[in-house]
Amino acid sequence: MKPPVFDYFAPNTLDEALSLLAEHGDEAKVLAGGQSLVPAMNFRLARPEILIDLGRLSELTGIERLDGGQNVRIGAMTRQRTVERHPLVRKHVPLVHETMPWVAHPQIRNRGTFGGSLAHADPAAELPAVLLALGGRCLAKSRDGERWIDAQDFYTGLFETALEPHELLAAVELPSVGPGEGWAFTEMSRRHGDFALCGVAARLKARDGVVEEASVALLSVGDGPTAAPSVVEILVGQAPSAELVSTAADAVVNDIDPPGDLHATPAYRRHLARTLTRRVLTAAVDRISG
Amino acid sequence: METRYFGKPLKRNEDHRLLTGKALFVDDVTLPGMLHVAFKRSDFAHGRILEIDVQAALERPGVVAVYTAEDLGDYHQPGPLLLPAPPIEGAVFHPRMQVPLAKDKVRHVGEPIAVVVARSRYIAEDAAEEIFVDIEPLDAVVDLEGALDPDTPKIHDDLESNLAAHVVQSKGDFDSVVDKAHRVVRRRFFYDHGIAAAMENRGIVASWDARDQQLEIWDTTQAPIAIRNGLAGMLGLAESQVRVVAPFIGGGFGPKIMMFYPEEVLLPWISMRLGWPVKWIEDRAENFVATTHERAQIHEAALAVDENGKILGVEDTFIHDAGAYNPYGLTVPINSQCTLLGPYDVPNYRSEFTVVYTNKTLVTPYRGAGRQHGVFVMERLLDLAAKELGLDVVEIRRRNFLPPDAFPHDHGLIYQDFSSLVYDSGNYEPALDKAVKLIDFAGFESGSSEIEPHKRRGIGIVCYVEGTGIGPYEGAKVTVEPSGTVSVVTGVGTQGQGHFTSFAQVVGEQIGVDPTKIRVVTGDTRLFHWGAGTFASRGAVVAGNACHAAALDVRKKILKMAGELLEAPEEDLELVDGKAQVKGVPAKAIELGELASLANPMRGAVEPGTEPGLEATTYFGPKHGSTASGVHAMEVEVDLETYDVKILRYVVVHDCGTVINPLILEGQIQGGVAQGIGNAFYEQILYGDDGQLLNGSFMDYLLPTSMDVPNVVGDHVETPSPLNPLGIKGAGEAGAIPVGALFAQAVEHALRDEGLEILEIPLSPNRLFELLHDREGIASTEESGS
């Protein structure tokens, strides 16, 4: 369990990093917190010829409120543990705050980065589903400039994103929670800290006793984070109730075609998707009324 | 008798070193010029080796040597058969042993084919990847029940089939009781046991000193003396030229007593050939395929009972998976066969097992060593019979216990040590009563606790006995040094059991020295070279009693000498705080260190026949093993929406005879229960039809964490063993053995409204979902959801 030979760069500035990426993009891999990439290299499953370590780029860290408080921006290299404990996140993006303890273990969150998890695009990871449920957007930078990618366009397949080889994820912007909103996250994993067998993130917005907006995203049921439009369709325009939640949750199976693996069959995953969707919607509705 | 140190919950002497990272493990050994070794292992479960080309690997800068089977010449021999055919009438046994490097054929994924020696492990692994091996794949034998089909390929070409062994043991006549039985419960059971997954993987450093003509080996073995003797023989050296050190070991649990692992045979040979020290540290990916496993047995078993639930007889037929080779003989299936009987009076028993070769990693004992499988079958049969008879699970067990006056109880079977299966002593009912009380069966039945509507609670209780402390023997040398330090040296290895404390307590008790001032050395053949090793819950029993005997001999020497010097009769003396003194007269005393100096005169004359020093070497070997026993109970909560299971409370009441250190015992039990919970609900080695291991990492092979294992509430019953002076029975495996049986019972109880029978271990949320939904009608609605 030793990696093959690779070249290692640790640029001091973002420009330097982007130049290296422009030069080596196809053979290079960006090293953020290393919590997924380094094990994959030790197993020789990933064999990058070049590693570009972003650890020194303070430009990519930090959490701030933007647009008069409409959005919260999180630098891609911000450690997950920092996000978890940050007062701005707790107050304005509480779904992220609530989800963070489900991400692996504190030791891993101390090293793992927010953007690293998003860009790694593991279908069993929590943060991509949360990004999708929140409808956030991703800032991609390259030597040639920058562009914004909406969450629903960011994930393109198994461990794949819309980032080009010469681009890196610099930051994400997440909408702040507003009045009348409820949210929740839950998952089922074999042990605390494991990749989930299934997980669900949900966000609801109600006005005048009716669901005005809803978004639901699941993890571990497809090639990437998976939206649940069938659930949303049933919720929107209705007054939230236990029956509505239950009917909506049952519809989640229309939106997923989950894989089977050693720990969960497709049938069990579908069952979990329904159960967990009902649980998060119930919790989210409680938060609206509470 | 009032004791000073023996029996006290003393903190462990070794923990400071262990917890501050200052203990010596094999990977801490670094020698000048040391080279590093990596293996090229088989990617195929079964196949013929057509060609091996090592040229590219040899050319890589930093590579020193690459060896294949061809290079080993006559050194390429199968490993020894550790246990011969059991002396059981009609037993069929076809042992086939592993070789250092595969030649002609590979028989399991991970079998070593070539070995690379390089300046670093990184280079060695890069080079191993460059070794080209052309293998013609053969169909893999994976399925136990299909292994003996005539059209299944043979794993060992010289055998008639994949049959490794067939053994029948019986007492009484089961068939004669079937007709007159009130009920006969018959089921098929599947019990799988996983891997030890010790925190420290295996590792070896070998260093041949050509000037000194000495070979030094550091090895993560549980049996350093046997390793030394075996290697000396293989390498053509005198035993006194080979030193094997088993330093601190981060968990052994059984697989580290398998011998000889290919790596263990190769590293010393390489060091002698190259003249440099060499190191190999197994990585976790290797550990999954190269260190031995335990795995599944499939049982077809029947229990015949009368109308009162009294056992009339048991019949059991099972298949056991040996893996690709079986150097360890039949220890595991014989343990299953014998341990099934438990603490019960079983007048008629017929047990037949078939051992088959498969294209998987070797199976050798892992904590419990087949006992889990037997206990599961018996305990489940009792539960099922209780249900049919309308008895509760406690009562059916109580009615069948061997009574306290039944001991010694000879079952008339042959045990794993090839002596008769005789229970030395036991008293089972008090332990059951304590466990019933601690888990609060009565409180559970009254249903006082409130739970969420989608959750169900269940409670369970199971019993077991464990044959422990088998022979042949161990020895110990106790020395009082002139500094006053006492040293205790014994041959057993240590894998974290607390020997540095418990042996010190045994010795300190007899010679009046605080155990923190006693230095225990284990597992260094240069300091002690007689003994068998630490396995089968025997360290405390056999080596502990050897320490006790040696301490008594030293005590005699101290008293004789002190009596002369203090001019007092020996019976008036006492040994306290490192001194010999006239009872109650601290002024008339002499330090043990001073006595030790005087016992080693530098000038003058001594009486002819005088032995110098305050030192004794003594041995202990029990007539046969002693029988520990216990009761485990637990309460679980099952979430009927996610099928997750949470253990709410866990109770162990245990009888391992006299207890040396209750704190260490508690740790042993807690750790065993943790491994048992892993076995019951988290861990399972999974193979594909092609013999590929499907979950060879800790991401997919799930060990329970501290969050999944409850704190065990424990209590003891002490029924001393009559077979050794200290009355000790083994405790190493007690925590792990009955957990699967208990888990099944408690979960089944929680799901009593669903009417589910649980006849298999391990379980998982996914498996519970399948068991509940694959029944008629439900599966189809589930599937239609997509």
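The values are calculated or read from the model by the stated rules, or taken from the named source; none is laboratory data. In this text the structure is predicted, and so the values were computed from the model without any measurement. When we count neighbours, we look across all protein chains shown, and the Cβ atoms used for this are built from the backbone with ideal geometry, even at glycine. Note: accessible area is taken over every heavy atom of the protein model, side chains too, but ligands, DNA and RNA are not part of it. Shrake-Rupley method; radii C 1.70, N 1.55, O 1.52, S 1.80 Å.
Are any residues in the stretch B:337-361 open to solvent by 10 Å² or more (accessible area, probe 1.4 Å) and assigned to a loop (DSSP other than H, G, I, E, B), and if so, which ones?
Answer for the stretch B:337-361, where residues must be open to solvent by 10 Å² or more (accessible area, probe 1.4 Å) and assigned to a loop (DSSP other than H, G, I, E, B): B:ASP345, B:PRO347, B:LYS360.
Assigned to a helix (DSSP H, G or I), surrounded by 23 or more Cβ atoms within 10 Å (Cβ to Cβ) and within 14 Å of another protein chain (Cβ to nearest Cβ): is that true of B:LEU768 in this structure?
Yes, satisfied.
Being of a type in the set (S, T, N, Q) and either open to solvent by less than 10 Å² (accessible area, probe 1.4 Å) or within 10 Å of chain A (Cβ to nearest Cβ) (or both) is the filter here; which residues of the stretch B:666-702 pass it?
Listed by number, the residues that qualify are B:ASN679, B:GLN684, B:ASN695, B:SER697.
Residue under question is B:ARG17, and the condition is that it be in contact with an Asp or Glu (Cβ under 8 Å, 6 or more places away or on another chain) and either crowded, with 19+ Cβ neighbours inside 10 Å or charged (D, E, K, R) (or both); does it hold?
It is false that B:ARG17 is in contact with an Asp or Glu (Cβ under 8 Å, 6 or more places away or on another chain) and either crowded, with 19+ Cβ neighbours inside 10 Å or charged (D, E, K, R) (or both).
Of the residues B:VAL606, B:VAL631, B:VAL636, B:VAL652, which is of a type in the set (Val, Ile, Thr) and surrounded by fewer than 22 Cβ atoms within 10 Å (Cβ to Cβ)?
Testing whether each residue is of a type in the set (Val, Ile, Thr) and surrounded by fewer than 22 Cβ atoms within 10 Å (Cβ to Cβ) leaves just B:VAL606.
When B:ASN13 is evaluated against the numbered criteria (1) touching a residue at least 60 places away in the same chain (Cβ under 8 Å); (2) under 26 Å from B:PHE132 (Cα atoms); (3) touching a strand residue (DSSP E or B) at 6+ places or on another chain (Cβ under 9 Å), which criterion, by number, is the only one it fails?
All conditions pass for B:ASN13, except number (2).
If you take the residues of the stretch A:174-187 that are open to solvent by 10 Å² or more (accessible area, probe 1.4 Å), closer than 20 Å to A:GLY69 by Cα and assigned to a strand (DSSP E or B), which of them is farthest from the other protein chains (Cβ to nearest Cβ)?
Looking at residues that are open to solvent by 10 Å² or more (accessible area, probe 1.4 Å), closer than 20 Å to A:GLY69 by Cα and assigned to a strand (DSSP E or B), I get A:PRO175.
Considering the stretch A:118-159 alone, what residues qualify as being of a type in the set (Lys, Arg) and within 20 Å of A:LEU31 (Cβ to Cβ)?
A:LYS141, A:ARG143, listed by residue number.
Tell me which of these A:GLY260 doesn't satisfy, since it passes every other one: (1) open to solvent by 20 Å² or more (accessible area, probe 1.4 Å); (2) more than 18 Å from B:ASP644 (Cβ to Cβ); (3) in contact (Cβ under 8 Å) with a residue 12 or more places away in the chain.
(3)
Which condition does B:VAL116 not pass, out of (1) open to solvent by 70 Å² or more (accessible area, probe 1.4 Å); (2) within 14 Å of chain A (Cβ to nearest Cβ), if it passes all the others?
(1)
For the structure I just gave you, tell me whether B:GLY533 is on the phi > 0 side of the Ramachandran plot and not in a helix (DSSP H, G or I).
Answer is yes for this residue.
Being assigned to a helix (DSSP H, G or I) and not aliphatic (A, V, I, L, M) is the filter here; which residues of the stretch A:10-40 pass it?
Residues satisfying the conditions are A:ASP15, A:GLU16, A:SER19, A:GLU23, A:HIS24, A:PRO39.
Take the conditions under 25 Å from B:ASP209 (Cβ atoms), outside the structural domain of B:PHE418 (by TED's automatic domain parsing), at pLDDT 95 or above and part of a loop (DSSP other than H, G, I, E, B) and apply them to B:LEU72. Does it pass?
no
Tally the residues that are within 20 Å of the chain's Cα centre (by Cα) and open to solvent by 20 Å² or more (accessible area, probe 1.4 Å), restricting the search to the stretch A:41-62.
Residues flagged as within 20 Å of the chain's Cα centre (by Cα) and open to solvent by 20 Å² or more (accessible area, probe 1.4 Å) within the stretch A:41-62 amount to 2.
On the given criteria, is B:HIS716 at pLDDT 95 or above and either of a type in the set (D, E, K, R) or assigned by TED's automatic domain parsing to the domain that holds B:GLY412 (or both)?
In short, no.
Conditions: (1) crowded, with 24+ Cβ neighbours inside 10 Å; (2) not in a helix (DSSP H, G or I). A:ARG190 meets all but one. Number of the miss?
(1)
Determine if the stretch B:274-283 includes at least one residue that is within 14 Å of chain A (Cβ to nearest Cβ), open to solvent by 20 Å² or more (accessible area, probe 1.4 Å) and out of contact with any Asp or Glu (no Cβ under 8 Å at 6 or more places or on another chain).
Yes, the stretch B:274-283 contains a residue that is within 14 Å of chain A (Cβ to nearest Cβ), open to solvent by 20 Å² or more (accessible area, probe 1.4 Å) and out of contact with any Asp or Glu (no Cβ under 8 Å at 6 or more places or on another chain).
Tell me which residues, restricted to the stretch B:303-322, are over 29 Å from B:ILE195 (Cβ atoms), out of contact with any Phe, Trp or Tyr (no Cβ under 7 Å at 6 or more places or on another chain) and not in a loop (DSSP other than H, G, I, E, B).
B:LEU303, B:ALA304, B:VAL305, B:LEU312
Identify, please: which residue in the stretch A:262-290 is hydroxyl-bearing (Ser, Thr, Tyr) and in a helix (DSSP H, G or I) and is, among those, farthest from the other protein chains (Cβ to nearest Cβ)?
Per the criteria, the residue is A:SER289.
Find the residue count for the stretch A:242-254, including only residues that are open to solvent by 20 Å² or more (accessible area, probe 1.4 Å) and facing chain B (nearest Cβ under 10 Å).
2
Within the stretch A:93-102, how many residues turn out to be open to solvent by 10 Å² or more (accessible area, probe 1.4 Å) and touching a helix residue (DSSP H, G or I) at 6+ places or on another chain (Cβ under 8 Å)?
Going through the stretch A:93-102 one residue at a time, the tally reaches 3.
Looking only at the stretch B:158-176, decide whether some residue is basic (Lys, Arg) and surrounded by 18 or more Cβ atoms within 10 Å (Cβ to Cβ).
For the stretch B:158-176, residues basic (Lys, Arg) and surrounded by 18 or more Cβ atoms within 10 Å (Cβ to Cβ): present.
Scan the stretch B:423-463 for residues that are surrounded by 14 or more Cβ atoms within 10 Å (Cβ to Cβ), under 30 Å from B:LEU640 (Cβ atoms) and either outside the structural domain of B:THR339 (by TED's automatic domain parsing) or not β-branched (Val, Ile, Thr) (or both) and jot them down.
The answer is B:ALA435, B:LYS437, B:LEU438, B:ASP440, B:PHE441, B:PHE444, B:LYS455, B:ARG456, B:ARG457, B:GLY458, B:GLY460, B:CYS463.
Table: residues versus (1) assigned by TED's automatic domain parsing to the domain that holds B:GLU200; (2) over 28 Å from B:ARG295 (Cβ atoms); (3) not in a helix (DSSP H, G or I).
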residue: B:ILE660; (1), (2), (3): no, yes, yes
residue: B:GLN684; (1), (2), (3): no, no, yes
residue: B:MET699; (1), (2), (3): no, no, yes
residue: B:ASP708; (1), (2), (3): no, no, yes
residue: B:LEU726; (1), (2), (3): no, yes, yes
residue: B:ALA731; (1), (2), (3): no, no, yes
residue: B:ALA734; (1), (2), (3): no, no, yes
residue: B:LEU742; (1), (2), (3): no, no, no
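Check off (1) within 14 Å of another protein chain (Cβ to nearest Cβ); (2) within 19 Å of A:ALA264 (Cα to Cα) for B:THR705 and give me the number that stays unchecked.
Every listed condition holds for B:THR705 apart from (2).
Mind listing whichever residues of the stretch A:194-228 are touching a helix residue (DSSP H, G or I) at 6+ places or on another chain (Cβ under 7 Å), within 14 Å of another protein chain (Cβ to nearest Cβ) and farther than 26 Å from A:PRO106 by Cβ?
If the condition is that a residue be touching a helix residue (DSSP H, G or I) at 6+ places or on another chain (Cβ under 7 Å), within 14 Å of another protein chain (Cβ to nearest Cβ) and farther than 26 Å from A:PRO106 by Cβ, then A:VAL221, A:ALA228 are the ones that fit.
Hey, can you tell me all the residues within the stretch A:240-257 that are within 16 Å of A:ALA201 (Cβ to Cβ) and of a type outside the set (Gly, Ala, Ser)?
A:VAL245, A:VAL252, A:ASP255, A:ILE256
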